[in-house]
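Everything on this sheet refers to the single structure shown next.
The values are calculated or read from the model by the stated rules, or taken from the named source; none is laboratory data. What you see is a predicted model, and the numbers here were worked out from it, not measured in a lab. We place every Cβ from the backbone using ideal geometry, glycine too, and count neighbours over all the protein chains shown.
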Amino acid sequence: MSLPVGNDKCRSEFNDGLAHVAGHLNSHLAREAEWLGLIESGVGNSDGCMRSLTAQAIAVSLVSWFRDHDLAVCKQAAYVSAKIDRIRQQASSWQVAGNSLVFNLFSSWTWLVSDCEPLIEWRTRFEPFRGLTGEEKRPKDIHKTYFDEMFVGYQLTLALRRDWQRLGERTEHWLAEPPSTLKKMTPDMRFFLALAKGDVAGMEAALAEIVTPKQRRWRENWQGGYTGRLMSEEAVVYAKLAWRNGYQVDVDTPYIPKAWLPVSPLQEYTDPYDFMREFDIWQPLPE
(Lines give C-alpha, C1' and ligand atoms only; values in the text may rest on other atoms or scores of the structure.)
Protein backbone atom coordinates (compact mmCIF):
# COMPACT_ATOMS: atom_id res chain seq x y z
CA MET A 1 0.00 0.00 0.00
CA SER A 2 1.56 3.29 -1.05
CA LEU A 3 0.29 6.32 0.82
CA PRO A 4 0.66 9.92 -0.33
CA VAL A 5 4.09 11.15 0.77
CA GLY A 6 3.86 13.63 3.62
CA ASN A 7 0.13 13.16 4.07
CA ASP A 8 0.11 12.56 7.82
CA LYS A 9 -3.69 12.64 8.08
CA CYS A 10 -4.07 9.96 5.39
CA ARG A 11 -1.35 7.82 6.99
CA SER A 12 -2.95 8.11 10.42
CA GLU A 13 -6.34 7.21 8.95
CA PHE A 14 -4.82 4.19 7.24
CA ASN A 15 -3.08 2.99 10.41
CA ASP A 16 -6.26 3.41 12.46
CA GLY A 17 -8.28 1.55 9.81
CA LEU A 18 -5.82 -1.34 9.67
CA ALA A 19 -5.73 -1.62 13.48
CA HIS A 20 -9.54 -1.62 13.52
CA VAL A 21 -9.75 -4.48 11.01
CA ALA A 22 -6.97 -6.48 12.69
CA GLY A 23 -8.77 -6.16 16.03
CA HIS A 24 -12.01 -7.45 14.56
CA LEU A 25 -10.14 -10.29 12.86
CA ASN A 26 -8.78 -11.49 16.21
CA SER A 27 -12.30 -11.41 17.65
CA HIS A 28 -13.68 -13.33 14.68
CA LEU A 29 -11.00 -16.02 14.86
CA ALA A 30 -11.78 -16.55 18.54
CA ARG A 31 -15.39 -17.43 17.66
CA GLU A 32 -14.84 -19.26 14.36
CA ALA A 33 -15.22 -22.75 15.86
CA GLU A 34 -18.44 -21.71 17.60
CA TRP A 35 -19.97 -20.43 14.35
CA LEU A 36 -18.95 -23.55 12.45
CA GLY A 37 -20.46 -25.75 15.14
CA LEU A 38 -23.79 -23.95 14.90
CA ILE A 39 -23.81 -24.18 11.09
CA GLU A 40 -23.02 -27.91 11.16
CA SER A 41 -25.60 -28.65 13.85
CA GLY A 42 -28.32 -26.54 12.26
CA VAL A 43 -29.00 -24.96 15.63
CA GLY A 44 -29.51 -21.21 15.88
CA ASN A 45 -29.07 -18.64 13.14
CA SER A 46 -26.97 -20.31 10.45
CA ASP A 47 -27.25 -17.29 8.17
CA GLY A 48 -25.94 -15.02 10.92
CA CYS A 49 -23.00 -17.36 11.48
CA MET A 50 -22.22 -17.40 7.76
CA ARG A 51 -22.45 -13.63 7.70
CA SER A 52 -19.87 -13.52 10.50
CA LEU A 53 -17.57 -15.88 8.58
CA THR A 54 -17.95 -13.62 5.55
CA ALA A 55 -16.85 -10.65 7.65
CA GLN A 56 -13.92 -12.69 8.95
CA ALA A 57 -12.83 -13.52 5.39
CA ILE A 58 -13.06 -9.86 4.42
CA ALA A 59 -10.85 -8.97 7.39
CA VAL A 60 -8.34 -11.66 6.39
CA SER A 61 -8.30 -10.31 2.83
CA LEU A 62 -7.66 -6.74 3.95
CA VAL A 63 -5.03 -7.57 6.57
CA SER A 64 -3.27 -9.96 4.18
CA TRP A 65 -2.81 -7.20 1.65
CA PHE A 66 -2.55 -3.94 3.56
CA ARG A 67 -0.34 -5.33 6.36
CA ASP A 68 1.34 -8.40 4.89
CA HIS A 69 1.33 -7.50 1.16
CA ASP A 70 0.35 -11.09 0.30
CA LEU A 71 -1.80 -10.91 -2.81
CA ALA A 72 -2.46 -14.66 -3.03
CA VAL A 73 -3.87 -14.86 0.52
CA CYS A 74 -5.84 -11.66 -0.14
CA LYS A 75 -7.48 -13.21 -3.21
CA GLN A 76 -8.12 -16.54 -1.49
CA ALA A 77 -9.87 -14.81 1.41
CA ALA A 78 -11.89 -12.67 -1.01
CA TYR A 79 -12.96 -15.93 -2.67
CA VAL A 80 -14.09 -17.37 0.67
CA SER A 81 -16.17 -14.28 1.36
CA ALA A 82 -17.73 -14.35 -2.10
CA LYS A 83 -18.54 -18.06 -2.02
CA ILE A 84 -20.20 -17.82 1.38
CA ASP A 85 -22.27 -14.95 -0.04
CA ARG A 86 -23.30 -17.32 -2.83
CA ILE A 87 -24.27 -20.02 -0.31
CA ARG A 88 -26.35 -17.53 1.67
CA GLN A 89 -28.15 -16.54 -1.51
CA GLN A 90 -29.31 -20.12 -1.94
CA ALA A 91 -31.17 -19.94 1.34
CA SER A 92 -32.49 -16.40 0.94
CA SER A 93 -31.56 -14.57 -2.25
CA TRP A 94 -33.81 -11.61 -1.43
CA GLN A 95 -32.31 -11.22 2.03
CA VAL A 96 -28.75 -11.12 0.72
CA ALA A 97 -29.48 -8.91 -2.27
CA GLY A 98 -32.19 -6.92 -0.53
CA ASN A 99 -30.28 -3.64 -0.67
CA SER A 100 -29.57 -2.98 -4.31
CA LEU A 101 -26.67 -0.60 -3.80
CA VAL A 102 -24.99 -2.46 -0.97
CA PHE A 103 -25.15 -5.86 -2.70
CA ASN A 104 -24.32 -4.72 -6.20
CA LEU A 105 -21.95 -1.80 -5.98
CA PHE A 106 -20.18 -2.49 -2.70
CA SER A 107 -20.07 -6.12 -1.54
CA SER A 108 -19.17 -7.21 -5.08
CA TRP A 109 -15.55 -6.14 -4.52
CA THR A 110 -14.66 -9.52 -3.01
CA TRP A 111 -16.09 -11.40 -6.01
CA LEU A 112 -14.06 -9.35 -8.47
CA VAL A 113 -10.82 -9.11 -6.46
CA SER A 114 -10.81 -12.90 -6.04
CA ASP A 115 -10.59 -13.28 -9.84
CA CYS A 116 -12.39 -16.63 -9.43
CA GLU A 117 -14.03 -16.91 -12.83
CA PRO A 118 -16.76 -19.48 -11.97
CA LEU A 119 -18.03 -17.31 -9.11
CA ILE A 120 -17.89 -14.15 -11.21
CA GLU A 121 -19.71 -15.92 -14.05
CA TRP A 122 -22.44 -17.02 -11.63
CA ARG A 123 -22.70 -13.47 -10.32
CA THR A 124 -23.00 -12.20 -13.90
CA ARG A 125 -26.04 -14.42 -14.51
CA PHE A 126 -27.71 -13.69 -11.17
CA GLU A 127 -30.83 -11.49 -11.23
CA PRO A 128 -30.62 -9.79 -7.84
CA PHE A 129 -33.93 -7.93 -7.94
CA ARG A 130 -36.27 -10.63 -9.23
CA GLY A 131 -36.80 -9.03 -12.60
CA LEU A 132 -36.96 -5.42 -11.38
CA THR A 133 -34.42 -3.17 -13.03
CA GLY A 134 -35.74 0.29 -12.14
CA GLU A 135 -37.03 0.78 -15.69
CA GLU A 136 -40.53 -0.55 -15.07
CA LYS A 137 -43.44 1.31 -13.58
CA ARG A 138 -42.77 1.34 -9.86
CA PRO A 139 -44.87 -1.20 -7.94
CA LYS A 140 -46.92 0.42 -5.21
CA ASP A 141 -45.33 -1.71 -2.50
CA ILE A 142 -41.78 -0.53 -3.30
CA HIS A 143 -40.65 2.83 -1.96
CA LYS A 144 -39.46 5.31 -4.59
CA THR A 145 -36.00 5.69 -3.04
CA TYR A 146 -35.45 1.94 -3.09
CA PHE A 147 -36.73 1.75 -6.66
CA ASP A 148 -34.25 4.46 -7.66
CA GLU A 149 -31.48 2.48 -5.96
CA MET A 150 -32.48 -0.60 -7.95
CA PHE A 151 -31.85 1.30 -11.16
CA VAL A 152 -28.34 2.29 -10.12
CA GLY A 153 -27.57 -1.11 -8.65
CA TYR A 154 -28.63 -2.95 -11.80
CA GLN A 155 -26.00 -1.07 -13.78
CA LEU A 156 -23.35 -3.42 -12.41
CA THR A 157 -25.26 -6.46 -13.68
CA LEU A 158 -25.36 -4.96 -17.17
CA ALA A 159 -21.68 -4.07 -17.00
CA LEU A 160 -20.76 -7.61 -15.95
CA ARG A 161 -22.80 -8.90 -18.90
CA ARG A 162 -21.12 -6.42 -21.25
CA ASP A 163 -24.51 -5.16 -22.40
CA TRP A 164 -22.96 -1.86 -23.44
CA GLN A 165 -25.86 -0.47 -25.46
CA ARG A 166 -28.40 -0.91 -22.71
CA LEU A 167 -25.95 0.26 -20.06
CA GLY A 168 -25.19 3.42 -22.02
CA GLU A 169 -28.82 4.22 -22.79
CA ARG A 170 -29.90 3.78 -19.15
CA THR A 171 -27.01 5.91 -17.92
CA GLU A 172 -27.75 8.76 -20.32
CA HIS A 173 -31.39 8.65 -19.23
CA TRP A 174 -30.36 8.83 -15.56
CA LEU A 175 -27.83 11.62 -16.06
CA ALA A 176 -30.43 13.73 -17.86
CA GLU A 177 -32.52 13.84 -14.67
CA PRO A 178 -30.80 12.29 -11.62
CA PRO A 179 -33.07 11.38 -8.68
CA SER A 180 -32.61 13.97 -5.95
CA THR A 181 -31.74 11.32 -3.34
CA LEU A 182 -28.96 9.82 -5.46
CA LYS A 183 -27.32 12.85 -7.09
CA LYS A 184 -24.13 12.12 -5.19
CA MET A 185 -23.80 8.97 -7.30
CA THR A 186 -23.40 10.99 -10.47
CA PRO A 187 -19.69 10.06 -10.79
CA ASP A 188 -20.66 6.38 -10.62
CA MET A 189 -23.04 6.84 -13.51
CA ARG A 190 -20.44 8.83 -15.42
CA PHE A 191 -18.13 5.85 -14.98
CA PHE A 192 -20.73 3.47 -16.41
CA LEU A 193 -21.29 5.72 -19.41
CA ALA A 194 -17.54 5.97 -20.02
CA LEU A 195 -17.21 2.19 -19.69
CA ALA A 196 -20.04 1.64 -22.17
CA LYS A 197 -18.23 3.93 -24.63
CA GLY A 198 -14.72 2.63 -23.94
CA ASP A 199 -13.65 6.10 -22.79
CA VAL A 200 -10.61 5.47 -20.55
CA ALA A 201 -10.09 9.15 -19.68
CA GLY A 202 -13.75 9.42 -18.69
CA MET A 203 -13.48 6.32 -16.50
CA GLU A 204 -10.38 7.65 -14.77
CA ALA A 205 -11.98 11.05 -14.16
CA ALA A 206 -15.03 9.41 -12.58
CA LEU A 207 -12.89 7.16 -10.38
CA ALA A 208 -10.79 10.13 -9.25
CA GLU A 209 -13.95 11.91 -8.13
CA ILE A 210 -15.31 8.86 -6.28
CA VAL A 211 -12.18 8.63 -4.09
CA THR A 212 -12.16 12.29 -3.07
CA PRO A 213 -12.55 12.85 0.70
CA LYS A 214 -16.01 14.35 0.29
CA GLN A 215 -17.30 11.41 -1.75
CA ARG A 216 -15.68 8.83 0.51
CA ARG A 217 -17.21 10.32 3.64
CA TRP A 218 -20.83 9.95 2.57
CA ARG A 219 -20.23 6.52 1.06
CA GLU A 220 -19.01 5.11 4.39
CA ASN A 221 -22.64 4.50 5.41
CA TRP A 222 -23.02 1.99 2.57
CA GLN A 223 -19.89 0.03 3.34
CA GLY A 224 -19.35 -2.74 5.86
CA GLY A 225 -17.21 -0.82 8.35
CA TYR A 226 -13.87 -2.46 7.55
CA THR A 227 -12.84 -0.92 4.25
CA GLY A 228 -13.56 2.81 4.41
CA ARG A 229 -10.15 3.93 5.68
CA LEU A 230 -8.22 1.45 3.53
CA MET A 231 -9.85 1.32 0.11
CA SER A 232 -12.91 2.43 -1.84
CA GLU A 233 -15.16 -0.57 -2.45
CA GLU A 234 -17.06 0.80 -5.43
CA ALA A 235 -13.98 2.37 -7.02
CA VAL A 236 -12.25 -1.01 -6.82
CA VAL A 237 -15.30 -2.70 -8.37
CA TYR A 238 -15.38 -0.19 -11.22
CA ALA A 239 -11.64 -0.34 -11.84
CA LYS A 240 -11.76 -4.14 -11.93
CA LEU A 241 -14.63 -3.96 -14.42
CA ALA A 242 -12.50 -1.72 -16.62
CA TRP A 243 -9.47 -4.01 -16.47
CA ARG A 244 -11.62 -7.08 -17.12
CA ASN A 245 -12.64 -5.43 -20.37
CA GLY A 246 -9.14 -4.43 -21.43
CA TYR A 247 -9.18 -0.82 -20.18
CA GLN A 248 -6.18 -0.43 -17.90
CA VAL A 249 -7.36 2.57 -15.92
CA ASP A 250 -4.74 4.19 -13.70
CA VAL A 251 -5.77 6.62 -10.97
CA ASP A 252 -3.27 8.16 -8.55
CA THR A 253 -4.93 7.12 -5.29
CA PRO A 254 -4.12 4.71 -2.45
CA TYR A 255 -7.80 3.71 -2.31
CA ILE A 256 -7.60 1.58 -5.46
CA PRO A 257 -4.75 -0.90 -4.89
CA LYS A 258 -3.00 -1.20 -8.25
CA ALA A 259 -1.89 -4.78 -7.59
CA TRP A 260 -5.55 -5.83 -7.39
CA LEU A 261 -6.42 -4.69 -10.90
CA PRO A 262 -4.77 -7.19 -13.31
CA VAL A 263 -7.02 -10.19 -13.91
CA SER A 264 -4.92 -13.03 -12.54
CA PRO A 265 -6.82 -15.99 -11.03
CA LEU A 266 -5.12 -18.21 -8.49
CA GLN A 267 -4.10 -21.65 -9.71
CA GLU A 268 -6.36 -23.14 -7.04
CA TYR A 269 -8.99 -21.85 -4.61
CA THR A 270 -9.50 -23.68 -1.32
CA ASP A 271 -12.76 -24.19 0.57
CA PRO A 272 -11.75 -24.11 4.25
CA TYR A 273 -15.11 -25.27 5.65
CA ASP A 274 -17.12 -28.44 5.05
CA PHE A 275 -20.31 -26.53 4.19
CA MET A 276 -18.39 -24.78 1.41
CA ARG A 277 -16.89 -27.97 -0.04
CA GLU A 278 -20.29 -29.63 -0.28
CA PHE A 279 -21.95 -26.70 -2.06
CA ASP A 280 -22.51 -26.55 -5.83
CA ILE A 281 -22.59 -22.93 -6.95
CA TRP A 282 -24.49 -23.87 -10.13
CA GLN A 283 -27.50 -25.42 -8.42
CA PRO A 284 -30.71 -23.54 -9.29
CA LEU A 285 -31.98 -20.97 -6.86
CA PRO A 286 -35.30 -21.83 -5.17
CA GLU A 287 -38.39 -20.21 -6.61
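Here L156, L160 are screened, and the one residue that is under 24 Å from L132 (Cβ atoms), hydrophobic (A, V, I, L, M, F, W, C) and touching a Lys or Arg at 6+ places or on another chain (Cβ under 8 Å) is L160.
Restricting A206, A201 to those that are under 20 Å from L241 (Cα atoms), modelled with pLDDT of 90 or more and surrounded by 17 or more Cβ atoms within 10 Å (Cβ to Cβ) reduces the list to A206. Look through segment 220-259, keep the residues that are buried (at least 20 other Cβ atoms within 10 Å of the Cβ), touching an Asp or Glu at 6+ places or on another chain (Cβ under 7 Å) and within 21 Å of E149 (Cβ to Cβ), and return whichever of them is modelled with the lowest pLDDT. That would be G228.
Within segment 188-234, take every residue that is hydrophobic (A, V, I, L, M, F, W, C) and part of a loop (DSSP other than H, G, I, E, B) and give me the one that is farthest from W65 (Cα to Cα). Step through it out loud before you land on a result.
Filtering segment 188-234 for residues hydrophobic (A, V, I, L, M, F, W, C) gives 189, 191-196, 200-201, 203, 205-208, 210-211, 218, 222, 230-231.
Now drop any that are not part of a loop (DSSP other than H, G, I, E, B), which leaves 211, 230-231.
Details: V211: 19, L230: 10, M231: 11 Å.
Going through the qualifying residues, I end up with V211.
Give the residues of segment 59-90 that are farther than 24 Å from F129 by Cα, surrounded by fewer than 21 Cβ atoms within 10 Å (Cβ to Cβ) and charged (D, E, K, R), sorted by residue number. R67, D68, D70 - these are the residues of segment 59-90 that are farther than 24 Å from F129 by Cα, surrounded by fewer than 21 Cβ atoms within 10 Å (Cβ to Cβ) and charged (D, E, K, R).
Every residue in segment 34-90 that is among the charged types (D, E, K, R) and either outside any helix (DSSP H, G or I) or more than 22 Å from E268 (Cα to Cα) (or both), please. Outline the logic, then answer.
Let us first name the residues in segment 34-90 that are among the charged types (D, E, K, R), namely 34, 40, 47, 51, 67-68, 70, 75, 83, 85-86, 88.
If the condition is that a residue be among the charged types (D, E, K, R) and either outside any helix (DSSP H, G or I) or more than 22 Å from E268 (Cα to Cα) (or both), then E34, E40, D47, R51, R67, D68, D70, R88 are the ones that fit.
For segment 119-178, taking the residues that are β-branched (V, I, T) and assigned to a loop (DSSP other than H, G, I, E, B), the one that is farthest from Y79 (Cα to Cα) is identified as I142. Among the numbered conditions (1) farther than 24 Å from L261 by Cβ; (2) out of contact with any Phe, Trp or Tyr (no Cβ under 6 Å at 6 or more places or on another chain); (3) surrounded by 13 or more Cβ atoms within 10 Å (Cβ to Cβ); (4) β-branched (V, I, T), the only one that T181 does not meet is (3).
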